Amino acid sequence: MFRISTSQIYRTGLNQILRRQAEVTHSQNQLASGKRLLSPSDDPVGAGRSLALTESLSRLDRYDRNLDVGESRLSLQESVLTLVQDSVQRIRELVLQANSAALDDEARGAIATELSAKVEELLQLSNSRDANGEYLFSGTASGTPAFTADFNYQGNNERRFVAASDGLQLAMTDPGSEIFADIPTGNGTFQAVVNDNNNGSAVVGLGAVTDFSLWVPDTYSVRFLTPDSYEVLDSSGGLVASGTYESPSNITFRGINVDVSGTPAAGDTFEIQPSTSQSIFQTVENLAVGLVDGNLGSTARTNLINRELANLDQAINRNLTVRADIGARLNTVESYRALNSGQRIELESARSRIEDADYAETISRMQLELTSLDAAQQSFLTLRGLSLFNLLR
Amino acid sequence: MSGLQGIGLNALLTFQRALATTGHNIANVNTPGYHRQSVLLGSQAGTFIGVGYLGNGVNINEVRRSYDAFLEGQLAGAISGFHQQQALAQLSDGLGSLFGENGIDVYGPVNDLFTTLGDMAADPTSLPARNSVLADAGGMADRFRLMQSRLDSTRVGLNQRLQQLAGEANDLLSNIAQLNRRIMDVAGGPAPNDLLDQRESLVNRLAEITDITTLETDDGALNVSLANGLNLVLGSQAETLSTRRNEFDPARLELVIGPENGIQTEISAQISGGELGGLLQFRDQVLTPTQNEIGRIALGIAMSINDQHRQGMDLNGNLGGNLFNIGTADVLHSRNNTGNGQIDVIVEDIGQLTPDDFELTFDGANWSMTNLTNGQAVPLTPDGPDLVGGGMRIQISSLPDAGDRFQIRPTRSAAADINVAFSDPALLAAASALVAATDDSNQGSGLVGPVTITDPLDPQLRDPVDIVFDSPTTFRINGGPPQSYVAGSPIAVNGWEITIDGAPATGDSFSVTASTAADQGNGANALALADLQLNGLLDGGQTSVSAGYQNVVARLGSLGSSFATAAGIQGGLLSDLELRRDAASGVNLDEEAVLLQQYQQSYQAAAQIIEAASNTFQTLLAATRR
């Protein structure tokens, strides 16, 4: 015979009711907070994982904010560089106009004045500032204007980077030295400089490299011995090449071609120098000054215009290259933003699966718990009423 | 005739006592530790009347309590086990919830700080961005301090509970000793059931506090001892249980037995059960490791940010200082030390530091250090007057006596000791202090990477340096003697180093120059600071601080849930034992109701015996009166 003590009946009944109440309270807390994980012990692995996901999400926040800043900075640069491009195109048109022999001094003077104004405009553009008052094109020395009035670059060559994703850093600035100042002269390998005191009418073009392996950087001097023969000397006076000339023709030596047209006079010279770099401002300034320089004959002026036009084209190319690069980076910003937002959705839903209460499941579980609480209470009440003493009256 | 009357009277008295016992049972239905009592009846020996023995009625042989020695013996152990696990589970759950949904979110502010550091990298000249970094750095330090103070107050609460329990245990011990005396006084007679019940219930209450073993001696005394045999109650003598400050740490209480002013024996290590066992286990296995690890994480973040910050340059063109002030490690002197040794400990290498406590001893000539968690020796290397080991630098400013001991806790209070070192946003070193450049006219494919500062204190740190390659394998620094170059290995000069990616060609040159205040738009150092969020900073670069924090939370969670499971199992075991004990010994009111009826009826019947005897006597009287 198994005995049950009376206090045990009460204690067991009470314990059952208390346990059910604790369950119901826990479910109620989950419903009220919307969270499944109330304490790390509810799901230790999930608690750690959810922290890791939160940390990843905070990193995505950081990257997104960085991308926003980077994008606005890059867009600002891009719009300034577009203005620069417009301005340089206008300069190019003006220079082509000025190159026409039909133009009189007065007309060239007007063009020169406009070119001088364009130099100012370009300088102002290069010293653009962003909303914080930082100079866009001073590298990281962003408190200093990029260029002085005499075209000296005062910034540095550093770029500012932002983190766009784990392990990916994106440059959000480009130094002005690269965009405006360090632009190669001539065709990028060499430039032809014609002696202003030549008496003939020979005009020297841009030239081209035909074989890089033969090219030796040096200053070569090309001299017309007679109007139809020439010799090429290197900087130490050694004879490099010689030949006959007939307009127009290419003078070829050391793997390069120099196109010459017109009629040179005996003793006329021009030099082939390795490319150096020249700022866009200097190029335009040279044009503005050259157009109204009374000491220059029309051939010398044409040669000057040809030379500086080549430099202008280099500047245009550089502008296009930088803008293409900025465009590529803007695309990267877009694609990483999309990537990050995709990742954010992944991470958030993963975290929600771990942390958040499933309402349907929690509510039905709580219903069940309430039912069993009710059952425990009812059965206890029933048991309590059953005592022999009740009958012994 | 008188025989029948005697039998009736005897039966009347016997059933009266049986009724009284039933009443006693009913009255004690709610008394804890009460064992149901019952009267054992026996018939009186008969009187020989020649033809046989004539019965003499009923007799009470014994008032016996229903007692199952086997079940009772298991009960104390089950009670200790349950209360130990219950204390562990409740305390761990409480600690765990500090890190839970409604707890103190330590890691949110850490993430915020890294986010604003990233903002500063993108916009290094913006004062609002810089102020946000300072505010978030302060917010992070505050949050760590808050967490630390909550952990400290858990420790204070734990000490109070230890004292309270020691006091309760003392009362129980002296009460048990008193009961022993009263039971020994009546030894040899019938069992003093209610005294035994009282004593057992005191022993069970004591088992809730600590694990004990008991031994009943022949003289009726119950001797109570700790699991290792140390006596708590011997006969009518009770020991005094109290708390004493730890040898090293006054904030850590140890349990001792022995008279208040006499020799006390430390017994903390011997207590493994009961609520005391649970409290001690919680302190050593849950609270201390958690607090140490939180300290290590706080230290890890602050030290790595400081290291990186010192590599940068602030808006005034100066090298960055420390962003966070960091406290020194706790060094606790043993109260038994005889010397006046002065020792300071600084954490030097957070990557090597483990979240443990250490004991440092001096034998008169040599120092040795032991990791108190795993008991292993930590090698110490002398470095000038200091000792270096385990990521710590131990500075000894005056030697202690031989045999003196110190406890070192590098991370215990670290989280509370961190605060932001300055409030001027211009002092935030967002820019890199040195800028490396690859010459534009280089022919080779070598590209110089960022400059890493190895010694911010080098006097020539910010001097300009040109590195020119004489050949692909030799280079000169500022025109000095040629040095050989191994591809990919760093070139170290003036407290910094650089690495060249790709192959430099003959005549190529690279330069390193100091940034100046004009370089205000440089955010390279802020970028490096923000990227610390991902880097492994702890355990020799294996663990990022966030992974370390996740480990703390996951560990707390799994300890909490396993303790809760264990408490559930122990609770089940205990209630099963109690169920069986109650089945054997508890009072059932229905049963007592039946017995009440039975004895009442028997009493009435016994009264009838007396009436029958009386009637018989009256009949005789009437017969003789005629």
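General remarks:
- Scanning segment A:114-124 turns up at least one residue that is in contact with a Ser or Thr (Cβ under 8 Å, 6 or more places away or on another chain) and either among the basic types (K, R) or open to solvent by 10 Å² or more (accessible area, probe 1.4 Å) (or both).
- Of everything in segment B:433-454 that is open to solvent by 70 Å² or more (accessible area, probe 1.4 Å) and touching a residue at least 40 places away in the same chain (Cβ under 8 Å), the residue that is farthest from B:S511 (Cα to Cα) is B:T454.
- For segment A:289-326, the set of residues classified as assigned to a helix (DSSP H, G or I) and either within 30 Å of A:S58 (Cβ to Cβ) or acidic (D, E) (or both) consists of A:E308, A:D313, A:D325, A:I326, listed by residue number.
- Condition broken by B:G81, with the remaining ones in (1) open to solvent by 50 Å² or more (accessible area, probe 1.4 Å); (2) not in a loop (DSSP other than H, G, I, E, B) satisfied: (1)
- Counted residues, segment B:345-387 - those being under 25 Å from B:S304 (Cβ atoms), in a strand (DSSP E or B) and open to solvent by less than 40 Å² (accessible area, probe 1.4 Å): 8
- For segment B:562-587, a residue qualifies if it is facing chain A (nearest Cβ under 7 Å) and either in contact (Cβ under 8 Å) with a residue 40 or more places away in the chain or at positive phi (or both), and the qualifying residues are B:A564, B:G586, B:V587.
- Hits in segment A:334-393 - residues which are loosely packed, with under 13 Cβ neighbours inside 10 Å and either within 14 Å of another protein chain (Cβ to nearest Cβ) or on the phi > 0 side of the Ramachandran plot (or both): A:R384, A:G385, A:L386, A:F389, A:N390, A:L391, A:L392, A:R393
- Only a single criterion out of (1) open to solvent by less than 20 Å² (accessible area, probe 1.4 Å); (2) away from chain B (no Cβ under 14 Å) is not satisfied by A:G139, namely (2).
- Qualifying residue in segment B:60-71 (condition: open to solvent by 50 Å² or more (accessible area, probe 1.4 Å), closer than 30 Å to B:G157 by Cα and modelled with pLDDT of 90 or more): no
- Condition check for B:S236 on (1) free of Cβ contacts under 8 Å to residues at least 60 places away in the same chain; (2) within 19 Å of B:L165 (Cα to Cα); (3) open to solvent by 20 Å² or more (accessible area, probe 1.4 Å): one failure, at (2).
- Residue match in segment B:460-478 (condition: within 14 Å of another protein chain (Cβ to nearest Cβ) and modelled with pLDDT of 85 or more): yes
- In segment B:416-439, residue nearest to B:P464 (Cα to Cα) [restricted to those that are of a type in the set (G, A, S) and at pLDDT 90 or above]: B:A431
- Yes/no for B:L162 being within 25 Å of the chain's Cα centre (by Cα) and assigned to a helix (DSSP H, G or I): yes
- Being in contact (Cβ under 8 Å) with a residue 60 or more places away in the chain, open to solvent by less than 10 Å² (accessible area, probe 1.4 Å), facing another protein chain (nearest Cβ under 10 Å) and farther than 30 Å from A:R3 by Cβ is a property that holds for B:L95.
- A single entry from B:A487, B:A503, B:A566 fulfils the requirement of being crowded, with 17+ Cβ neighbours inside 10 Å and of a type outside the set (D, E, K, R): B:A566.
- Checking B:N551 against (1) outside any helix (DSSP H, G or I); (2) among the polar types (S, T, N, Q); (3) closer than 30 Å to B:I104 by Cα, the condition it does not meet: (1)
- Scan of segment B:98-109 for residues that are within 12 Å of another protein chain (Cβ to nearest Cβ) and either over 18 Å from the mean Cα position of the chain (by Cα) or part of a loop (DSSP other than H, G, I, E, B) (or both), ordered by number: B:F99, B:G100, B:E101, B:N102, B:G103, B:D105, B:V106, B:Y107, B:G108, B:P109
- When residues of segment A:152-177 are limited to those that are within 18 Å of B:D439 (Cα to Cα) and more than 10 Å from every other protein chain (Cβ to nearest Cβ), the one nearest to the chain's Cα centre (by Cα): A:D174
- Residues within segment A:18-72 that are open to solvent by 70 Å² or more (accessible area, probe 1.4 Å), more than 23 Å from B:G523 (Cβ to Cβ) and within 7 Å of chain B (Cβ to nearest Cβ), tallied: 1
- Residue check for B:R182: more than 29 Å from B:Q285 (Cα to Cα) and surrounded by fewer than 20 Cβ atoms within 10 Å (Cβ to Cβ): yes
To keep it simple, each residue is scored yes or no on (1) more than 30 Å from B:I301 (Cβ to Cβ); (2) more than 10 Å from chain A (Cβ to nearest Cβ); (3) open to solvent by 50 Å² or more (accessible area, probe 1.4 Å).
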| position | (1), (2), (3) |
| --- | --- |
| B:D531 | no, no, no |
| B:G536 | no, yes, no |
| B:S544 | no, no, no |
| B:Q550 | no, no, no |
| B:G557 | no, no, no |
| B:G560 | no, no, no |
| B:E592 | yes, no, no |
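- Test: residue in segment A:75-86 that is closer than 25 Å to B:L113 by Cα, within 14 Å of chain B (Cβ to nearest Cβ) and either surrounded by 21 or more Cβ atoms within 10 Å (Cβ to Cβ) or not charged (D, E, K, R) (or both): no
- Every pair of residues 6+ apart whose Cβ atoms lie under 6 Å, when the first sits in segment B:509-534 and is more than 16 Å from B:V451 (Cβ to Cβ) while the second is assigned to a helix (DSSP H, G or I): B:A530/B:F114; B:A530/B:L117; B:A530/B:G118; B:A530/B:A121; B:L532/B:S304; B:Q533/B:F114
- So A:S201, is it within 30 Å of B:N522 (Cα to Cα), of a type in the set (S, T, Y) and in contact (Cβ under 8 Å) with a residue 60 or more places away in the chain: no
- Contact map, segment B:317-329: residues that are under 18 Å from B:D356 (Cα atoms) paired with residues that are of a type in the set (S, T, Y) and in a loop (DSSP other than H, G, I, E, B), Cβ distance under 9 Å, separation 6+ or inter-chain. Pairs shown: B:G327/B:S413; B:A329/B:T411; B:A329/B:S413.
- Scanning segment B:110-128 for residues that are more than 7 Å from every other protein chain (Cβ to nearest Cβ), open to solvent by 10 Å² or more (accessible area, probe 1.4 Å) and touching a residue at least 40 places away in the same chain (Cβ under 8 Å) turns up just one, B:L127.
- Any chance B:L428 is of a type outside the set (V, I, T) and within 17 Å of B:G495 (Cβ to Cβ): no
- Here segment B:594-626 is the region considered, the condition is being touching a residue at least 40 places away in the same chain (Cβ under 8 Å) and within 13 Å of chain A (Cβ to nearest Cβ), and the residue that is farthest from B:A78 (Cα to Cα) is B:Q600.
The values are calculated or read from the model by the stated rules, or taken from the named source; none is laboratory data. Not measured: the values here are computed from a predicted model. All Cβ positions, glycine included, derive from the backbone under ideal geometry; neighbour counts span all protein chains shown. Just so you know, the surface numbers come from the protein's heavy atoms only, side chains and all, with ligands and any DNA or RNA stripped out. Shrake-Rupley method; radii C 1.70, N 1.55, O 1.52, S 1.80 Å.
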